[in-house]
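The block underneath contains the structure these notes are about, expressed in structure tokens.
Read the figures in this text as sums done on the coordinates, not as results from a lab. All values reported here derive from a predicted model rather than from experimental measurement. Glycine also receives a Cβ, built like all others from the backbone with ideal geometry; neighbour counts cover every protein chain displayed.
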Amino acid sequence: GENVEQHPSTLSVQEGDSAVIKCTYSDSASNYFPWYKQELGKRPQLIIDIRSNVGEKKDQRIAVTLNKTAKHFSLHITETQPEDSAVYFCAASSGATNKLIFGTGTLLAVQP
Amino acid sequence: KAGVTQTPRYLIKTRGQQVTLSCSPISGHRSVSWYQQTPGQGLQFLFEYFSETQRNKGNFPGRFSGRQFSNSRSEMNVSTLELGDSALYLCASSPTSGSGNEQFFGPGTRLTVL
């Protein structure tokens, strides 16, 4: 069935370092890959997304890469700041509906 | 534009009861999806409604149901509550249905089943 695996489950970095979170999806028909940030007690918020016809997308300190052959996509955060501390979820979607299959989340802690 | 709103924000119920949760999408959005979030299972898709029709359903028992009204507001209902139904229930709205549409989440309803 549809599945998205996400690693690592926790990640601790020093302020200013880079952070990388990786996801693997199983459904080869997946064509949309959003990343959500969820702060404690808050709603998930979209931070970046990528579609299957693009290999990389960047938005300031955040970038996402997609390898369709390997069914991998990754989130890269550079120059991390304490306010980047949150849980990050990757997701995948396909077909004619908005159904998102989420990864299990990565708790990112940025140490000042 | 006002964001996605959900009511109530918190609910406490006992086993065997039923509950109805409400979601008001962003004005103009016609798709509403529901997700269950738990520490153990993460974020799991429940169902999506678009133009008052259920477009897709996740792997949940029939005790979980939903509907959408002509103004795009959506409700989900859980009957015969079980302890394991304790979770944060999130809805997300989108202008239309189909992979690739950005979805905007509401603040969630925290359901506790005793």
Worksheet item: How crowded by other chains is B:11-20, given as the mean number of beta carbons from other chains within 10 Å of each beta carbon?
Response: 0
Worksheet item: Just how large is the dipole of the protein assembly as shown about the Cα centre, in debye to the nearest 20, putting +1 at every Lys and Arg Cβ and -1 at every Asp and Glu Cβ?
Response: 660 debye
Discussion item. Give me the inter-chain shielding for B:46-59: mean count of other chain Cβ atoms within 10 Å, whole number please.
Written reply: 2
Worksheet, complete the sentence: Out of A:Val13, A:Asn67, A:Pro82 - ranked by how far each Cα lies towards the positive end of the dipole of chain A, with unit charges on the beta-carbon of charged residues - the top one is A:Asn67
Worksheet, complete the sentence: Averaged over all viewing directions, the convex hull of the alpha carbons in the protein assembly as shown casts a projected area in nm² of 12.3 nm²
Worksheet item: What is the Å³ per residue value for the convex hull set by the Cα atoms of the range A:62-109?
Response: 97 Å³
Discussion item. Charges on Cβ only, +1 for Lys and Arg, -1 for Asp and Glu, centred on the Cα centroid of chain B; of B:Gly84, B:Phe104, B:Thr20, which one is farthest towards the dipole's positive end?
Written reply: B:Thr20
Discussion item. What are the equivalent ellipsoid semi-axes of the range B:29-114, built from the alpha-carbon gyration tensor (square roots of five times its eigenvalues), in whole angstrom, biggest first?
Written reply: 22, 14, 11
Worksheet, complete the sentence: Between B:Lys57 and B:Arg30, the two model label points (7 Å from Cα along the beta-carbon direction) sit apart by a distance in nm of 2.3 nm
Discussion item. Please list, by residue number, everything in the range B:82-98 whose backbone N is under 15 Å from a paramagnetic label point 7 Å out along Cα→Cβ of B:Thr38.
Written reply: B:82-90
Fill in: Radius of gyration, Dmax [the range A:1-111; alpha carbons; angstrom]
13.3, 41
Fill in: Relative packing of A:25-32, A:77-84, B:103-110, which averages over residues the other C-beta atoms within 10 Å, highest first
B:103-110, A:25-32, A:77-84
Response to the item:
Restricting to aspartates and glutamates and to Cα separations under 12 Å from A:Lys57, and discarding same-chain partners fewer than 8 apart, the set is A:Asp49
